[in-house]
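Participant: My questions will all concern the structure given below.
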Amino acid sequence: MQPGTYTLLVALDDAPSITFGAAGTRSLDAGWYAYTGSAFGPGGLTRVQRHRELAAGERDARHWHIDYLLGHPAASVDAVYATTHDDVECATARLLADDATPVPGLGASDCTCETHLVFAPTRDALAQRLAEIHDTSL
C-alpha cells in the first residue's frame, strides 16, 4: 500500500485513566479522539490495519502511544482519514490542536509538536475537519 499520513478517529465510550507507557497516565473523557501518524516505512498505510486489529482486540503488542488508547476496551476506531504520499503529520496535528483539545505529550516523541492526539466531545465537527484536511478515507 502507498505511504502517507493518516488520522484515526477514535470513539471512547468510557472515561478511563490510561497509562501510555513511559508517557505516563492520563485521565481521559468519554468522547472522540483524533490521532495523527505517518506511514512511510515498509507497508505504507497498511499500518492502519494494525491499529484496527489492536482496537478490535486481535493484537496485544503496544509500540506507540496510540496503542494504549486503542487497546482499551472502551475505544474503537470509527474512521480513518489519509493523505497519500505527503508527510503532513505535524501540520495536520497542529491544525487539529487549533480546533480541538490537545492531549499533551502523546504521539509526538519524535518531533516538536505538543501532541498528535486531540479530544472533542462530539464527532461531527472533528470528522468534518478531518475530511477537509485529508484527501481520502480508508
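Participant: Under the condition of being at pLDDT below 95 and not in a loop (DSSP other than H, G, I, E, B), which residue from segment 127-138 is nearest to Val10 (Cα to Cα)?
Facilitator: Ser137
Participant: Oh, and also: Can you tell me which of Leu95, Leu54 is among the hydrophobic types (A, V, I, L, M, F, W, C), farther than 24 Å from Ser27 by Cβ and part of a helix (DSSP H, G or I)?
Facilitator: Of Leu95, Leu54, the one residue that is among the hydrophobic types (A, V, I, L, M, F, W, C), farther than 24 Å from Ser27 by Cβ and part of a helix (DSSP H, G or I) is Leu95.
Participant: May I pose another question? Being surrounded by fewer than 15 Cβ atoms within 10 Å (Cβ to Cβ) and either closer than 16 Å to Leu12 by Cβ or in contact with a Lys or Arg (Cβ under 9 Å, 6 or more places away or on another chain) (or both) is true for just one of Gly57, Gly71, Gly105. Which residue is that?
Facilitator: None of the others qualify; the one that does is Gly57.
Participant: Mind listing whichever residues of segment 62-80 are of a type in the set (D, E, K, R) and outside any loop (DSSP other than H, G, I, E, B)?
Facilitator: Asp67, Asp78
Participant: Scan segment 30-63 for residues that are in contact with a Gly (Cβ under 7 Å, 6 or more places away or on another chain) and farther than 18 Å from Val88 by Cβ and report the count.
Facilitator: 2
Participant: Considering only segment 24-48, state which residues are crowded, with 16+ Cβ neighbours inside 10 Å and in a helix (DSSP H, G or I).
Facilitator: Gly44, Leu45, Arg47, Val48
Participant: Taking the residues in segment 114-126 that are buried (at least 18 other Cβ atoms within 10 Å of the Cβ) and not in a strand (DSSP E or B) as candidates, determine which candidate is farthest from the chain's Cα centre (by Cα).
Facilitator: Checked segment 114-126; the qualifying residue farthest from the chain's Cα centre (by Cα) is Leu126.
Participant: Name, by its number, the condition in (1) outside any strand (DSSP E or B); (2) surrounded by 15 or more Cβ atoms within 10 Å (Cβ to Cβ); (3) of a type in the set (Val, Ile, Thr) that does not hold for Thr83.
Facilitator: Failed condition: (1).
Participant: I would also like to ask the following. Given the conditions (1) touching an Asp or Glu at 6+ places or on another chain (Cβ under 9 Å); (2) at pLDDT below 95, report the number of the one that Glu114 does not fulfil.
Facilitator: Glu114 satisfies all of (1) touching an Asp or Glu at 6+ places or on another chain (Cβ under 9 Å); (2) at pLDDT below 95 except (1).
Participant: Could you identify the single residue in Leu69, Leu12, Leu28, Leu8 that is within 20 Å of Ile133 (Cα to Cα) and at pLDDT 95 or above?
Facilitator: Exactly one residue qualifies, and that residue is Leu8.
The values are calculated or read from the model by the stated rules, or taken from the named source; none is laboratory data. Everything quoted here is computed from the prediction, not taken from an experiment. For neighbour counting, all protein chains shown are included, and Cβ atoms are generated from backbone atoms with ideal geometry for every residue, glycine included.
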